[in-house]
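Trainee: Shown below is the structure under consideration.
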Amino acid sequence: MKKLLLTTLLVTSSLFAQTSEVEALAVEKCGSCHLIGAITKDKLNNMSAPPSWALSKKVKTAYPDRRDAIEFIVEYTMSPSEDKMLFSHKTKERFGMMPSQKDVISEDELRAVAQYIIDN
Ligand code: HEC
């Protein structure tokens with residue numbers, strides 16, 4: 001299991017060796033809703049989801065182990081559900097549930113993006 005995880009990490013990090021690539025992916029796939037990338041006043045006034053810094057903090061508080069935090073993001077993003085949700089019902093009332101991103105991003109890409117969100 002440990003070996004598998006290590007292999008996955010190695011493969012993931014060599015596929016996405018450059019932070020800027022992962023950053024571009026995060027901006028493209030999650031940025032419009034979670035405010036990754038350039039922040040404008042307009043974007044702040046029209047938020048459609050919790051911003052990525054709030055997301056990162058929320059997940060790290062619930063999952064202090066970095067790997068658990070990354071796995072949570074991957075799992076939730078592929079299949080969001082109310083019972084897994086870390087944000088309160090107020091977040092759901094304000095923004096609605098996140099639509100599953102499984103048709104939008106591959107699991108390898110998502111894992112790299114999840115690492116980026118946790119580390120930033
Ligand atoms: C269409 C808008 C949209 C996109 C695109 C989007 N999200 Fe979200 N996301 C939301 C909304 C709305 C919430 C808050 C409601 C919820 O938790 O489901 C959310 C919540 C989350 C949460 C927190 C769940 C919790 O525990 O409450 C995570 C983690 C997350 N998103 C990750 C991602 C990642 C990673 C991507 C990019 C691959 C992404 N999201 C793309 C709208 C989006």
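Trainee: Looking at segment 32-47 only, could you name the residues that are under 15 Å from the mean Cα position of the chain (by Cα) and either loosely packed, with under 10 Cβ neighbours inside 10 Å or among the hydroxyl-bearing types (Ser, Thr, Tyr) (or both)?
Mentor: Kept after step one, since they are under 15 Å from the mean Cα position of the chain (by Cα), are these residues of segment 32-47: 32-37.
The one that is under 15 Å from the mean Cα position of the chain (by Cα) and either loosely packed, with under 10 Cβ neighbours inside 10 Å or among the hydroxyl-bearing types (Ser, Thr, Tyr) (or both): SER32.
Trainee: Within segment 52-72, is even one residue of a type in the set (A, V, I, L, M) and over 19 Å from ASN120 (Cα atoms)?
Mentor: Going through segment 52-72, the residues of a type in the set (A, V, I, L, M) turn out to be 54-55, 59, 62, 69-70.
When the remaining residues are screened for being over 19 Å from ASN120 (Cα atoms), the result is none.
For segment 52-72, residues of a type in the set (A, V, I, L, M) and over 19 Å from ASN120 (Cα atoms): absent.
Trainee: Report the residue count in segment 80-120 for those that are aliphatic (A, V, I, L, M), over 20 Å from THR61 (Cβ atoms) and near the ligand (Cβ under 6 Å from one of its atoms). Break it down stepwise before answering.
Mentor: So in segment 80-120, the residues aliphatic (A, V, I, L, M) come out as 85-86, 97-98, 104-105, 110, 112-114, 117-118.
Of the ones still in play, those that are also over 20 Å from THR61 (Cβ atoms) are 97, 104-105, 110, 112.
Filter again for near the ligand (Cβ under 6 Å from one of its atoms), leaving 97, 105, 110.
Residues that pass the stated criteria total 3.
Trainee: Looking at (1) touching a helix residue (DSSP H, G or I) at 6+ places or on another chain (Cβ under 8 Å); (2) outside any loop (DSSP other than H, G, I, E, B), which is the one condition that is false for GLU82?
Mentor: Against the list (1) touching a helix residue (DSSP H, G or I) at 6+ places or on another chain (Cβ under 8 Å); (2) outside any loop (DSSP other than H, G, I, E, B), GLU82 comes up short only on (2).
Trainee: Restricting the search to segment 50-75, which residues are under 12 Å from the mean Cα position of the chain (by Cα) and not in a helix (DSSP H, G or I)? Show your work before the answer.
Mentor: Step one: list which residues in segment 50-75 are under 12 Å from the mean Cα position of the chain (by Cα), which gives 50-60, 69-75.
Selection gives PRO50, PRO51.
Each value in this text was obtained by applying a stated rule to the coordinates, not by laboratory testing. The shown structure was predicted, so the numbers you read here are calculated from the model rather than taken from an experiment. Counting neighbours? That spans all protein chains shown, and the Cβs are built from the backbone with ideal geometry, glycine included.
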